[in-house]
Amino acid sequence: MLWLVPLFVSPQVVISQINAGHGTHVAGIIGADPLKSQFNISGVAYSASLSAYRIFGCEGGTSDAEIIDALLLAVKDGQDIITLSLGGPDGWTESSSSVVASRIADSGKVVTIAAGNDGASGSWYSSSPGNGISVISVASLDNTVISLQTATVHGATHDPIPYFELFPFPVTNPLPVFATSNDTTVVDDACNPLPDSTPDLTSFLVVVRRGTCSFVQKLTNIAAKGGKLTFVYDNGNGFASIEVGGFNATLIQAADGEFLVNQFAAGTPITITFPQTGGSIQLRDPAGGLISSFTSYGPSNDFFFKPAVAAPGGNILSTLPIPLGSYGVESGTSMATPFVAGSAALLLQVKGRSNDVARSIRTLLETTAAAVPSDHTEDALLQTVSQQGAGLINVFNAAHATTFVSPGELILNDTAHFRGVQIFTVRNADSSPKTYRLSHIPAGTAVTVTPGTIFPADGPVPLSNYFAKVALSDTTFTLPPGQSKTITATFTPPSNVDSTTFPVFSGYIQVSVRGEPPLHVSYIGLAASLKDKQVVDNTDVFFGVKLPVILNAKGDVQEVPTNYTFDAASGDFPSIFVRLAFGTPVLRTDLVDPNVNVNTTLNKRTLLGEPVLTFPNEYPGGTFDKVPTLGSLFELDFISRNNEKPDDNIVYRLPVNTPTFANGTTIPNGNYRFLLRALRVTGDPENESDYESWLSPVLGVFVP
């Protein structure tokens with residue numbers, strides 16, 4: 001849904017375009033000319049030249065293969081910076097596009113990629129190809145103000161009502177108000193067809209509450225009664241741009257919507273007008289300056305530092321295609337990413353367009369960034385590094401820094417692989433001596449799993465003040481010009497934490513010089529062992545039946561032995577219905593004899609004997625200890641966990657729609673079971689105890 005942008009300096013840039021003007025908005029953040037802009041907006045590096053490689057159609061997504069082709073073409077074309085405002089939840093650094101992007105960055109190109117917009121889904125849901133180890137994965141920070149229009153209330157005293165549009169609705173006559181419900185707490189307002197008593201809404205401004213169903217569904221029901229213009233009032237999910245399809249509708253704040261509904265219910269004859277000039281405002285955003293709630297949380301499942309840095313991405317005014325109004329306010333890590341790409345262009349312009357400079361930019365941006373708090377209260381914890389990365393970039397400080405700290409990030413790993421002793425280097429590149437003071441600045445510890453469950457804590461992820469301890473080999477020292485000093489930092493994970501909540505602790509080692517902006521090194525660790533995290537959801541929480549299960553041709557749970565004909569026309573084949581509560585490096589299903597004795601770990605069924613389980617080699621057929629396996633059906637590597645949202649990646653349905661093994665060999669008619677296995681993170685693929693396993697009920701292959 002986007003494009004791809006390499007950026008260079010004199011520089012040149014490459015973009016990724018999505019439908020609905022996404023690529024144009026991204027391009028404007030980098031290259032909008034302030035002298036030609038109606039709103040006097042300036043691209044971060046507006047002298048840079050931009051190139052675009054299209055990898056999306058007008059609708060839908062794209063593939064790793066297309067992304068890789070564009071990446072390689074950008075390198076072949078000599079681009080200095082490649083920026084991708086795209087991605088999807090993956091959780092691993094191992095996708096093909098992530099690996100290629102990382103290798104391109106290692107070769108001496110700057111690669112910036114969006115961190116993802118799945119913050120509501122909680123931790124361990126990082127996005128690829130932004131998961132590439134050496135790329136700059138970018139979090140979003142909300143703008144402090146939003147450029148909006150206001151509507152005027154007549155017939156009652158009320159301040160002008162901000163509505164989420166950059167340009168005024170082209171309505172010149174006053175409109176009376178009609179509320180689809182008088183109840184300002186209703187959760188499904190206009191989700192069903194409006195009642196027959198509803199008047200013709202053609203001449204009304206319709207007011208409807210946000211909630212439950214899609215905006216388009218609400219607006220479709222309103223349009224069925226003639227409604228042409230709608231205010232959707234917020235229910236607490238956030239004041240932002242909304243997707244309304246082809247309807248004329250926009251979001252207003254909850255208090256304003258409740259006022260309008262209450263006036264309508266009281267019979268007050270109020271009307272609304274839309275000033276065509278003079279109605280624009282700069283609305284102060286209460287969340288301005290904080291990490292956008294939609295920013296995806298890391299770290300990656302294999303515990304890499306994601307995201308790397310943050311940049312403005314919430315409520316950003318930039319360019320759009322002329323048919324879409326030429327300008328618009330949009331939000332996303334897609335908007336933050338080109339800001340970092342443009343910043344990298346400026347740094348290449350200042351420091352030189354060499355491979356070594358390009359490779360140093362991520363560290364330079366990380367160490368000169370500013371840590372962001374979790375809220376605006378006086379005693380707020382710093383937001384977890386697993387959402388803000390090293391913090392908000394400051395390209396001016398990066399360009400003018402005379403002290404350099406490296407590396408920019410310290411990865412401490414989990415308790416089973418803990419790397420508590422870390423080193424970093426401070427170098428004085430100035431022409432005079434400098435005295436440095438080092439201190440520990442902890443961030444909030446992220447409680448990534450809901451206590452008492454196997455499920456991720458939804459965003460905003462709860463933070464605790466149980467911090468790591470850090471002992472530094474030196475806390476004060478002086479460096480002559482051109483000299484460096486290596487510092488040893490010894491970390492102790494936080495105590496008094498519940499390891500079953502898989503707390504991610506993080507923070508910064510601050511390096512201060514009097515009279516200069518401070519620098520810092522970011523760190524992240526896990527106060528638990530990743531191998532202890534349950535992978536497969538074996539509960540009945542989401543579907544009312546304990547998972548995994550086999551679904552038959554009708555989509556019903558198979559409860560008794562069942563034959564399948566594998567007839568494509570009737571869809572008569574089994575599917576494995578499985579949810580993952582955490583990512584897995586290996587998800588594999590083998591075919592086994594129906595009377596096999598296997599000591600499975602998940603939702604055991606009544607089987608014969610006292611089985612023992614060991615795992616087969618990576619070829620069709622093998623043994624689980626003394627129990628033969630008949631062959632592999634499929635293996636999926638580096639799979640993301642599922643989401644908690646019913647309409648978004650809530651479960652995997654894995655169809656076995658042909659009676660064949662993974663190598664193409666036909667499965668003979670007969671009775672079998674499926675043996676599903678999931679390797680726990682950091683587990684040994686050769687060690688049976690590192691897998692979770694499930695044995696299906698008996699199923700028959702009966703191909704006429």
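For the range 254-304, the tally of residues that are over 23 Å from the mean Cα position of the chain (by Cα), assigned to a loop (DSSP other than H, G, I, E, B) and surrounded by fewer than 17 Cβ atoms within 10 Å (Cβ to Cβ) stands at 8. Can you say whether D64 is surrounded by fewer than 23 Cβ atoms within 10 Å (Cβ to Cβ), in contact with a helix residue (DSSP H, G or I) (Cβ under 6 Å, 6 or more places away or on another chain), assigned by TED's automatic domain parsing to the domain that holds Y327 and of a type outside the set (A, V, I, L, M, F, W, C), as far as the supplied structure shows? Yes.
Filtered by the rule that a residue be buried (at least 24 other Cβ atoms within 10 Å of the Cβ) and either in the same structural domain as G507 (by TED's automatic domain parsing) or among the aromatic types (F, W, Y) (or both), the range 308-345 gives a lone residue, F339.
Considered as a group, the residues in the range 64-79 that are in contact with a Ser or Thr (Cβ under 9 Å, 6 or more places away or on another chain) and in a loop (DSSP other than H, G, I, E, B) include one that is farthest from S107 (Cα to Cα), and that residue is D77. Of the strands (runs of 3 or more DSSP E) lying entirely inside the range 98-211, the ones with 2 or more residues being of a type outside the set (S, T, N, Q) and more than 20 Å from V309 (Cα to Cα) are found at 145-154, 161-163, 175-179, 205-209.
Reported count of residues in the range 414-432, each being assigned to a strand (DSSP E or B) and buried (at least 17 other Cβ atoms within 10 Å of the Cβ), is 4. Of note, H440 satisfies the criterion of being of a type outside the set (S, T, Y), under 25 Å from T476 (Cα atoms) and touching a residue at least 40 places away in the same chain (Cβ under 8 Å).
Is there a residue in the range 205-213 that is buried (at least 21 other Cβ atoms within 10 Å of the Cβ) and among the basic types (K, R)?
In the first step, residues of the range 205-213 are kept if they are buried (at least 21 other Cβ atoms within 10 Å of the Cβ); the result is 205-210.
Adding the requirement that they be among the basic types (K, R) leaves 209-210.
Yes, because at least one residue in the range 205-213 is buried (at least 21 other Cβ atoms within 10 Å of the Cβ) and among the basic types (K, R).
Reported count of residues in the range 215-228, each being of a type in the set (K, R) and either part of a helix (DSSP H, G or I) or on the phi > 0 side of the Ramachandran plot (or both), is 1. Restricted to the range 143-200, and to residues there that are surrounded by 15 or more Cβ atoms within 10 Å (Cβ to Cβ) and acidic (D, E), the residue that is farthest from L229 (Cα to Cα) is D189. Taking every residue in the range 518-538 that is without any contact (Cβ under 8 Å) to a residue 60 or more places away in the chain and pairing it with any residue that is among the aliphatic types (A, V, I, L, M), at least 6 positions away or on another chain, the pairs with Cβ-Cβ distances below 8 Å are P518/V511. Among the residues of the range 389-430, those identified as under 30 Å from M335 (Cα atoms) and out of contact with any Leu (no Cβ under 8 Å at 6 or more places or on another chain) are G389, G391, N394, F396, N397, H400, T402, S406, P407, E409, L410, I411.
Counting only strands (runs of 3 or more DSSP E) wholly contained in the range 608-681, the ones carrying 1 or more residues that are farther than 29 Å from T565 by Cβ and modelled with pLDDT of 90 or more occupy 627-639, 670-679. Only residues that are buried (at least 24 other Cβ atoms within 10 Å of the Cβ) and β-branched (V, I, T) were counted across the range 362-381, and they come to 2. The single residue among R353, R362 that is under 20 Å from P518 (Cβ atoms), in the same structural domain as L86 (by TED's automatic domain parsing) and basic (K, R) turns out to be R362.
For the range 229-244, which positions are in a loop (DSSP other than H, G, I, E, B), touching a helix residue (DSSP H, G or I) at 6+ places or on another chain (Cβ under 9 Å) and hydrophobic (A, V, I, L, M, F, W, C)?
If we filter the range 229-244 for residues that are in a loop (DSSP other than H, G, I, E, B), which is where we start, we get 234-244.
Then keep just the ones that are touching a helix residue (DSSP H, G or I) at 6+ places or on another chain (Cβ under 9 Å); that gives 234-236, 239, 242-244.
Matches in the range 229-244: F239, I242, V244.
When residues in the range 649-699 are screened for being surrounded by fewer than 20 Cβ atoms within 10 Å (Cβ to Cβ), touching a helix residue (DSSP H, G or I) at 6+ places or on another chain (Cβ under 8 Å) and charged (D, E, K, R), 2 of them pass. In the range 450-469, of all residues being surrounded by fewer than 17 Cβ atoms within 10 Å (Cβ to Cβ) and farther than 10 Å from G122 by Cβ, the one that is farthest from the chain's Cα centre (by Cα) corresponds to K469. Counted as qualifying within the range 306-385 are the strands (runs of 3 or more DSSP E) with 1 or more residues that are over 29 Å from E94 (Cα atoms) and polar (S, T, N, Q), namely 316-319. Scanning the range 51-70 for residues that are without any contact (Cβ under 8 Å) to a residue 24 or more places away in the chain and under 13 Å from T83 (Cα atoms) gives no hits. Taking V9 as the residue in question, decide whether it is touching a Leu at 6+ places or on another chain (Cβ under 6 Å) and at pLDDT below 95. It is true that V9 is touching a Leu at 6+ places or on another chain (Cβ under 6 Å) and at pLDDT below 95. Of the numbered criteria (1) of a type in the set (A, V, I, L, M, F, W, C); (2) over 30 Å from Q253 (Cβ atoms); (3) part of a helix (DSSP H, G or I), the one L50 fails is (3).
The values are calculated or read from the model by the stated rules, or taken from the named source; none is laboratory data. Just so we're clear, the structure is a prediction, and the values are computed from it rather than from any experiment. Positions of Cβ are generated from backbone atoms using ideal geometry, with glycine treated the same way; all protein chains shown enter the neighbour counts.
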